[in-house]
Amino acid sequence: MDNWTKKQIVQSDLLDKTYSNITIRIKANGFVVYGKDNMSKALFLDEYSFARGFNNSLIKEILEKEYKTILKNDASIKFLYPVNYFSIVPQSYFKEQELSAYFLNSISKINIDLFDYNFTKVNLPDVICVNACSKGSIQDVKLNFPISEVIPETQILINTCLENYKQNIKTRPNSLFLNFSGDNVDDVLFVDDKFLLMNRFEYRTIENFIYFVLNTLSQTKQSTALVDIVILGDIQKQSSIVSTLSKYFDRIHFIPSEIEMDNVVSHTYILETKA
């Protein structure tokens with residue numbers, strides 16, 4: 001019995017098509033594989049779940065088994081990896097030599113060496129995103145796939161939210177983006193064409209979740225009546241969380257996918273299609 005299960009989200013009719021671009025997004029308990037050609041016309045999107053928790057060695061095994069022909073064609077591979085913690089730092093205060101110092105309030109001193117630290121520039125001016133990842137996790141990917149491009153998920157998230165905000169700024173000048181991933185939510189807030197903040201919080205109950213959302217707006221002195229909620233990630237449109245949000249916010253949106261897929265789940269796979 002396999003230690004994993006596969007779910008086909010999008011399946012191309014062009015089965016023999018050469019896919020030149022592959023994006024793999026690592027998730028908490030599995031990963032997603034998204035493939036397209038240079039014209040972005042032929043594509044597939046598959047999601048894998050592990051039966052016994054996350055297993056990094058299974059990723060290469062599955063890829064070699066399921067996508068042997070594609071990998072032999074020297075496809076360009078991108079890996080999107082999750083980060084345990086992140087910190088948004090103004091470029092004027094940024095020091096590359098002391099990355100762990102940006103996590104003194106979120107990672108205890110005894111655990112500070114359990115993580116690898118890196119940083120990335122995003123499409124926001126004068127902003128650096130510093131990431132903390134489980135020690136050795138990125139190195140494992142680079143060793144198994146030496147020709148791949150390894151990208152922190154935070155980079156794609158910020159750029160995706162910024163792009164969507166710019167496209168809709170006339171009708172949504174104040175937008176709070178919520179990206180759901182397991183029990184974590186990353187929130188990104190734009191107000192009057194300015195980036196205000198990006199945070200992560202963990203929630204256990206709906207009440208807990210609503211508290212964090214309202215507290216974010218309270219700290220930035222924003223009114224719920226003037227803020228649009230924009231959702232992406234692992235959340236169902238008909239969920240009790242979305243229903244509860246509608247009691248506080250008049251305008252709730254889901255980022256649409258640029259590829260053809262079930263509209264109910266299209267917002268779930270935004271990051272891999274944007275990489």
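The values are calculated or read from the model by the stated rules, or taken from the named source; none is laboratory data. Owing to the predicted nature of the structure, the values given are computational and were not obtained by experimental measurement. For neighbour counting, all protein chains shown are included, and Cβ atoms are generated from backbone atoms with ideal geometry for every residue, glycine included. Side chains are part of the model used for accessible areas, which takes the heavy atoms of the whole protein and leaves out ligands, DNA and RNA. Shrake-Rupley method; radii C 1.70, N 1.55, O 1.52, S 1.80 Å.
For this structure, a couple of remarks:
- Structural descriptor for the chain: relative contact order 14 percent, calculated from alpha carbon pairs under 8 angstrom and at least 6 residues apart.
- For the chain, the longest principal axis of the Cα atoms and the long axis of helix 206-219 meet at an angle of about 60 degrees.
- Dividing the summed -39500 (n - 2.57) terms of all DSSP H runs of n ≥ 4 by the residue count of the chain sets its mean residue ellipticity at 222 nm at -6500 deg cm²/dmol.
- Residues SER243 and SER223, FRET efficiency given R0 of 30 Å [Cβ-Cβ distance, rounded to 0.05]: 0.90
- Percentage relative contact order, region 144-197, counting C-alpha pairs under 8 Å, at least six apart: 24
- Total charge dipole magnitude, the chain, about the Cα centre, Cβ charges on Lys, Arg, Asp, Glu only, Debye to nearest 20: 160
- Modelled spin labels at ASN199 and GLU96, positioned 7 Å past Cα toward Cβ, are 3.1 nm from each other.
- Ordering SER257, PHE94, TYR211 by the projection of their Cα atoms onto the charge dipole of the chain, which places +1 on the Cβ of Lys and Arg and -1 on the Cβ of Asp and Glu, puts TYR211 at the extreme positive end.
- Accessible surface calculations at 1.4 Å, restricted to protein heavy atoms, place region 76-188 at 51 Å² per residue.
- Nearest-ten-degree value, helix 56-66 long axis tilted from longest Cα axis of the chain: 50
- Percent of beta bridges antiparallel (DSSP, the chain, rounded to nearest 5): 70
- Scanning the chain for GluC sites (Glu not before Pro) lying in DSSP loops with no more than 13 further Cβ atoms inside 10 Å, the longest uninterrupted stretch between such sites is 1-257.
- Going by accessible surface with a 1.4 Å probe and the largest first, MET261, MET198 read MET261, MET198.
- Heavy-atom accessible surface of the chain: percent carbon and sulfur, 1.4 Å: 47
- Per-residue accessible area (protein heavy atoms, 1.4 Å probe) orders ARG25, ARG204 as ARG204, ARG25, starting from the largest.
- Computed from Cα positions, the angle between helix 153-167 and the longest principal axis of the chain comes to roughly 60 degrees.
- On the beta carbon distance between ASN184 and ASN118, with R0 = 25 Å, the FRET formula returns roughly 0.80.
- Among the listed pairs LYS6/LYS109; LYS194/LYS247; LYS60/LYS274; LYS194/LYS274, a Cα-Cα separation exceeding 31 Å is found for LYS6/LYS109.
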